[in-house]
Structures are given as structure tokens and as C-alpha cells.
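Trainee: Before anything else, here's the structure in question.
The values are calculated or read from the model by the stated rules, or taken from the named source; none is laboratory data. Bear in mind that the values here come from a model prediction, so they are computed numbers and not experimental data. Ideal geometry is used to build each Cβ from the backbone, glycine not excepted, and the neighbour counts take in all protein chains shown.
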Number of protein chains: 2
Amino acid sequence: MSDELLMVRAAELYYEDGKTQDEIGALLRTTRWKVGRLLAKARDRGIVRIEIVHPRARRLSLERLLREQYGLADAIVVPAADDADVQASVSRAAADYLAALRPIPRVLGISWGRTLSAVADRLTPGWANEVRVVQINGGISLSSAPGAGAGSAASTAALIAHKAGGQAILLPSPAILEHAATKAAIESDRTVAGVLELAKTATAFLFSAGVADGSSVLVESGYLSAADVDELVQQGAVGDVVGRFINAEGEIVDPALDARTVGVGHDVLREASTSVLVIAGRSKHPVARAVVSSGLCSVIVTDEETARALTQDSAHGASHGTEQGASHVA
Amino acid sequence: MSDELLMVRAAELYYEDGKTQDEIGALLRTTRWKVGRLLAKARDRGIVRIEIVHPRARRLSLERLLREQYGLADAIVVPAADDADVQASVSRAAADYLAALRPIPRVLGISWGRTLSAVADRLTPGWANEVRVVQINGGISLSSAPGAGAGSAASTAALIAHKAGGQAILLPSPAILEHAATKAAIESDRTVAGVLELAKTATAFLFSAGVADGSSVLVESGYLSAADVDELVQQGAVGDVVGRFINAEGEIVDPALDARTVGVGHDVLREASTSVLVIAGRSKHPVARAVVSSGLCSVIVTDEETARALTQDSAHGASHGTEQGASHVA
DNA sequence: GAAATCGTTGCTCATATGAGCACCAGTGGC
DNA sequence: GCCACTGGTGCTCATATGAGCAACGATTTC
């Protein structure tokens with residue numbers, strides 16, 4: 001009997017029939033040690049597949065790979081849902097993660113957008129006490145577009161703060177201004193400067209990233225035109241983080257535009273000990289890769305498919321050891 | 001945390017992360033015993049799914065159920081293949097089973113048809129020594145239809161015998177005759193009678209079953225017209241075994257037709273200690289059920305889907321104990 | 001209110017299992 | 001031919017795990 005077939009028989013008898021390795025050894029005319037090794041080989045060759053089917057399950061092996069490949073402090077990967085509620089699972093996972101985050105942040109910096117709004121919705125009331133939730137990029141002054149509804153910048157921060165019995169500190173400024181001078185002026189204003197100062201002292205950041213295309217909230221909110229975004233893409237933009245557009249290397253694409261953007265800079269996120277990226281969906285794979293490989297986040301919360309894309313693609317700066325993440329079954 | 005979620009967490013840490021139950025207990029603030037119970041529950045609730053993916057894998061748990069529900073001596077169930085090669089897997093399994101059959105039959109009775117031909121093809125040369133392979137139902141005289149090719153009745157028996165270095169004994173008679181009198185006459189012929197006598201002494205039988213519709217080999221070979229089959233269906237026929245049509249209860253549908261059919265009767269199969277039914281495909285579920293629940297076979301070789309259909313449907317004579325077939329993982 | 005019953009919990013103990021190690025057989029270089 | 005070497009094999013031993021059991025608490029039943 002071929003070696004592979006032997007593995008199959010052993011696996012059947014062990015996992016399906018509940019026989020002990022010793023019994024299988026007798027049945028297959030070998031020793032129990034050989035059976036043990038056969039089973040081990042069957043497992044990592046993928047002949048035996050062990051899967052945990054549950055919407056709230058996680059993919060610990062992928063998480064480990066992500067941490068190792070990108071030097072992240074933590075990674076949360078939820079299974080790819082059959083339908084399109086990846087967004088829902090991921091934002092719930094992010095809410096769970098935030099609630100379980102220790103030490104509980106006293107000041108939490110957040111961005112805004114569809115994803116953050118979804119996270120806020122799923123947060124358990126009472127997830128923390130006395131947390132000050134600070135907006136880290138502008139976006140409240142322009143009236144929200146019809147589609148945005150209640151999920152706009154201000155209400156996201158307010159909701160998160162409310163559920164923690166804390167206080168929301170909004171950034172009273174547009175996301176992007178028309179002139180760099182105006183931006184400088186508004187940032188020097190006491191109110192805005194104060195908020196930004198506070199934001200920089202945040203003990204944790206929670207943000208998502210946008211795709212550089214017409215679907216961006218920045219376009220939807222009217223800060224940018226579709227043409228603007230097209231040009232950014234020409235320059236290599238893959239998406240935006242807190243309103244600032246980056247290329248695949250995580251670098252600011254258009255310094256001039258960046259100089260008109262209000263909010264904490266990427267350096268703050270890079271230096272923070274806890275900056276959590278929440279990101280889901282196939283369209284966001286390129287941005288996710290840019291963020292994660294340029295060290296913009298220290299924690300990622302994402303879906304299985306994105307995680308696989310990030311780990312399988314070798315086009316990232318493979319500086320960290322890529323140790324075998326062999327899964328093990330007792 | 002809900003109980004189910006606790007199971008999920010424990011399963012993740014155990015199966016994905018390779019942690020010990022003790023460690024998980026510490027992590028989840030419980031005892032290792034509770035973790036063990038959580039894992040057990042997760043397994044039989046199907047949250048943890050352990051699957052063996054291999055074309056030659058078997059479904060031991062289903063086999064056990066089949067044996068118990070129908071009082072079979074043995075059952076072989078191969079996984080449902082993604083594509084349409086269920087036929088191929090099942091016939092290979094049947095060939096394997098035949099080769100592994102102990103005691104090695106000295107006289108093997110076989111039927112003929114597409115399935116048996118496929119089994120013969122997959123049999124390993126040298127699977128046995130000195131086996132006499134006897135045809136148990138007629139079918140060599142009419143020239144085979146264009147489609148049947150080399151897989152006709154005679155060549156199947158010859159091939160099986162050849163691969164065992166044995167001898168094929170063909171039944172020199174049509175499958176179905178036009179008049180009962182002719183049938184009686186031919187059966188009393190010394191040659192035919194001798195073969196039938198030998199067939200009755202077979203130590204093992206290997207056969208398949210046909211569906212009662214136009215696709216039947218009996219129609220294809222010209223023994224019956226489509227209209228004949230329609231009428232049989234009217235009378236409750238679900239399919240044929242060795243050329244004899246049965247209803248869902250396994251009873252002969254049309255005694256007059258049966259009296260014109262040459263070959264060993266169903267009583268011989270029922271009384272044989274080893275009569276192996278090889279059957280695959282959704283269209284054959286009804287016949288399979290009829291054969292299996294009426295005791296026409298003592299061993300079944302089939303695909304997962306058919307096995308599930310047989311076990312799940314409660315319309316069979318549930319005389320045998322249906323003990324829990326709980327699968328177990330150490 | 002008392003009793004009975006059921007499911008849960010933490011335990012003891014026997015056992016199944018994996019890690020680590022010495023050893024052997026085949027294999028290829030010299 | 002000789003010798004290092006690799007890959008597999010059977011072993012010992014520490015450990016992880018499940019079966020079984022007694023105690024407990026909750027819920028139902030009278």
C-alpha cells in the first residue's frame with residue numbers, strides 16, 4: 001500500500017472511527033509510533049483538514065503569520081463569510097478587540113468612515129469607562145452626503161464615547177482645505193490645535209483606510225472630485241489613511257495635497273504603540289498591504305481573504321522571519 | 001461570553017494554535033476539564049469539522065450507520081467526488097474490496113453491466129489465484145449495442161477471471177427470452193443448467209443494479225423496449241438486479257417477465273453469505289434502497305451521497321438498532 | 001416547603017500520545 | 001571498498017487527555 005494511502009487509512013480510523021493509534025497500528029501492521037507520524041504527516045499535508053465553522057471564529061494560524069511577516073503587535077483574522085457580511089464580521093471583531101484592549105485607553109484616537117461607523121455600532125455599551133474619544137482627522141463641517149446618513153464623522157466618535165460613558169472630542173475642521181494657507185491658519189487656531197495636541201497623546205488609535213477610487217468617502221463627502229482621485233491614482237496612490245493618500249510603499253503621494261489635509265500625520269500613527277487598522281474586503285487589499293508593510297499600524301483586524309492576500313503575496317518588505325506556522329493537533 | 005463562543009475560542013486555541021487544554025483553561029479562566037468538555041461539544045455540534053480529503057478516503061461513520069441500519073455484514077462508502085467520477089471511485093473501491101475479500105472466493109458469481117465492467121477494469125492483476133468467475137445472469141447472445149463496446153457481459157467476466165489467473169464461465173443464454181417456455185427449455189439444457197448450478201455454489205457474488213428507465217442496459221441491449229420499462233414502472237418497478245425487476249420493497253414486480261429471465265434468482269443472493277452490491281450515483285438511490293432494505297445484498301459499496309440518502313431516509317424497515325455513530329477524536 | 005431529578009463541576013486515575021534519542025539501512029562520494 | 005550522511009524506525013519517558021465518579025446547585029414536582 002502506498003504511503004499516502006496509508007496516511008488516509010490511519011486518518012480515517014483515527015478521526016472517523018475513534019480508534020486509538022495503537023489499535024490502528026495493529027490493524028495496519030505497524031507500530032503506534034509510525035501511525036502517529038503518519039497522522040502528523042496527513043495533517044500538515046492537508047489530507048486531514050480541521051476547520052472551525054462559526055461566524056465569530058478566528059484564524060489563529062493566519063494571525064500568527066501576519067504578526068511574523070509584518071512585525072505586528074497583534075492581528076485578528078475572521079473567517080471569510082459565505083455572503084457579503086465580511087464587513088459585519090470584521091467590524092464586530094474590531095469592536096470586540098477594542099473592548100478587550102488592555103490597558104484600557106484613556107484617550108482613543110479614531111478616524112471616521114463607513115468602517116468606523118460599523119465598528120461603533122457593534123461596540124458593547126459599557127465597553128470602557130471614562131474614555132476620551134478624539135477625532136484624528138477633519139470632516140465634520142461639510143454636510144454629509146445623502147448616503148452617509150447618521151454614520152458621519154461626528155456621530156461615530158459620539159457613539160463610541162457614549163457607549164463607554166466617556167466624552168467625544170471632535171475636530172472642528174474640514175478634512176481637506178482648498179489652500180495650504182487656510183489649513184495652516186485653522187491648525188493654529190486654539191481649538192483645533194488643542195484637539196490635535198490631545199490626539200497626539202492618544203494611547204490607542206483605531207482607523208480604517210479608503211480605496212483610491214470614486215467610492216471613497218472623501219469623494220462622497222465632496223472634499224475631492226473623481227478627477228482629483230484619478231490624478232492621485234496616476235501618481236501611484238492606492239488609498240488613504242486618515243484622509244492622506246499613500247502609494248504602495250506607504251508614502252504620501254501628493255505632498256501639496258497633504259499640506260491641505262487636517263489631522264494628525266502618519267508619523268503619529270507609526271510611533272503609537274497601539275494603532276489598530278480595521279479593514280475588510282477584496283477592494284482594499286492593496287491599501288491594506290501598503291499600510292501594513294509600511295508600519296502604519298501595529299494591529300490589524302481583517303478578514304481571512306485579505307489576510308491570505310497579505311501573507312501569500314511576497315511583494316512586501318520581507319524583513320521579518322517567516323517561520324513555519326505549522327498548526328498542531330494533540 | 002456565551003457558551004457557544006467559548007466553544008469556538010477553545011477550539012481555535014486547541015486546533016489552530018496547538019495549545020494544550022490546560023493552557024486554554026488558564027486563558028479562558030476555567031479548568032482544563034471544562035475545556036475538554038467544551039471541545040467535545042464543539043466537535044459533535046459540528047463547530048469543529050474534521051474532514052479527510054482524498055479520493056480514496058472512506059466514510060467510516062457512514063459505513064457504521066449503514067451496517068447498523070440495514071444489518072449488513074459490511075459497507076464501503078467513498079467520499080462524494082466534486083466532479084462526476086463517483087462511478088470511478090466507487091468501482092475502484094469495489095475492486096479493492098474484492099481483492100481484499102477473505103476468504104478468497106473460489107467461485108465468484110458476477111452480473112454484468114456498466115458498473116461491473118468498470119470494476120473489472122480497476123481490478124489489480126493478480127488479485128487472486130485460481131478463481132472461477134461465473135456469470136449469474138444471461139446476456140451474451142445478443143450482439144452488444146454500439147455504445148457497450150468491449151464492456152459487454154462476456155468480456156467483464158473474462159477480464160475479472162484473467163486478472164486472477166482464473167477461468168471465466170459464461171452463461172450461454174440471452175438475458176430475457178420471449179417465451180417462458182423457451183426459458184424453461186434453455187435452462188434445462190445441460191450447459192446452461194451446469195453453469196447455473198455452479199453459480200448457485202458461488203462463495204461470493206458481485207453485482208450492481210439498474211434503474212428502471214430507458215437508460216437501462218437491458219433496453220440498450222434490446223432485451224426490453226422503452227415501453228416495456230414504462231409498464232414496469234407503472235407496476236412499481238424501481239430497477240433491476242441481475243435482470244429481474246423489483247419494486248421499492250425488493251419484490252419481483254412482474255412474475256411473468258421474471259419467468260422469462262435467465263439466471264440465478266434473488267433467493268440465491270439473499271441466502272449467500274457474501275453478496276456485494278456496487279452502486280453509485282443519484283439516479284440509483286431508489287434501487288439501492290430497495291436492494292439494501294430487502295436483504296438482497298450483505299455488503300454495499302457506494303458513494304457518500306447515496307449512503308447519506310440511505311441512512312437519512314427513515315422509510316426503510318427500521319428493525320435494527322440505530323445506535324449513535326458519534327465520531328471521536330482523541 | 002420538601003423531595004426528587006437533572007445537569008454541571010472538580011476531581012482521581014488509567015491511558016493515549018508526542019518529544020527526544022539511539023540505532024539501522026540504504027546511498028553516494030571518494 | 002569505506003565512510004559520512006540522511007531518512008526512517010523503535011524505543012523511553014514525561015505529559016496531555018478522557019472516563020468515571022462524587023458532590024453540588026438548580027429546577028421541577030408533589
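Trainee: What are the residues in the stretch A:16-36 that are among the hydroxyl-bearing types (Ser, Thr, Tyr) and within 11 Å of another protein chain (Cβ to nearest Cβ), if any?
Mentor: A:Thr20, the sole residue that qualifies.
Trainee: In addition: Across the stretch A:59-76, which residue is nearest to the other protein chains (Cβ to nearest Cβ) among those that are in contact with a Gly (Cβ under 7 Å, 6 or more places away or on another chain) and buried (at least 18 other Cβ atoms within 10 Å of the Cβ)?
Mentor: Only one residue tops the list, namely A:Ser61.
Trainee: Restricting to strands (runs of 3 or more DSSP E) lying wholly in the stretch B:222-313: which have 1 or more residues that are under 18 Å from B:Gln69 (Cα atoms)?
Mentor: B:275-278, B:299-303
Trainee: Does the stretch B:2-18 hold any residues that are within 12 Å of DNA strand C (Cβ to nearest atom) and part of a loop (DSSP other than H, G, I, E, B), and which are they?
Mentor: Matches in the stretch B:2-18: B:Gly18 only.
Trainee: A further question follows. Just to be sure before I move on: is A:Val53 away from DNA strand D (no atom under 16 Å from the Cβ), within 30 Å of B:Leu60 (Cβ to Cβ), among the β-branched types (Val, Ile, Thr) and surrounded by fewer than 21 Cβ atoms within 10 Å (Cβ to Cβ) in the structure I sent?
Mentor: Taking the combined requirement at face value, the residue satisfies it.
Trainee: Another question, if that's okay. Take B:Ala42 and decide whether it is within 16 Å of DNA strand C (Cβ to nearest atom) and either of a type in the set (Asp, Glu) or modelled with pLDDT of 90 or more (or both).
Mentor: yes
Trainee: So, one more: Quick check on this structure: which one of A:Ala26, A:Ala42, A:Ala73 is within 30 Å of A:Leu159 (Cβ to Cβ) and of a type outside the set (S, T, N, Q)?
Mentor: Result of the check over A:Ala26, A:Ala42, A:Ala73: A:Ala73.
Trainee: Something else now. Given the criterion surrounded by fewer than 21 Cβ atoms within 10 Å (Cβ to Cβ), at pLDDT below 90 and within 22 Å of B:Asp258 (Cβ to Cβ), identify the matching residue among B:Ser141, B:Ser188.
Mentor: Result of the check over B:Ser141, B:Ser188: B:Ser141.
Trainee: Evaluate the following for B:Val287: is it modelled with pLDDT of 95 or more, under 30 Å from B:Arg43 (Cβ atoms), under 19 Å from the mean Cα position of the chain (by Cα) and buried (at least 24 other Cβ atoms within 10 Å of the Cβ)?
Mentor: No; evaluated as a whole, the condition is false for this residue.
Trainee: Taking the stretch A:19-29 as the search range and keeping residues that are surrounded by 16 or more Cβ atoms within 10 Å (Cβ to Cβ) and outside any helix (DSSP H, G or I), which one is farthest from DNA strand C (Cβ to nearest atom)?
Mentor: Filtering the stretch A:19-29 for residues that are surrounded by 16 or more Cβ atoms within 10 Å (Cβ to Cβ) and outside any helix (DSSP H, G or I), the one farthest from DNA strand C (Cβ to nearest atom) comes out as A:Leu28.
Trainee: Out of the stretch A:37-58, which residues are closer than 20 Å to A:Ser91 by Cα and more than 7 Å from chain B (Cβ to nearest Cβ)?
Mentor: Across the stretch A:37-58, the qualifying residue is only A:Pro55.
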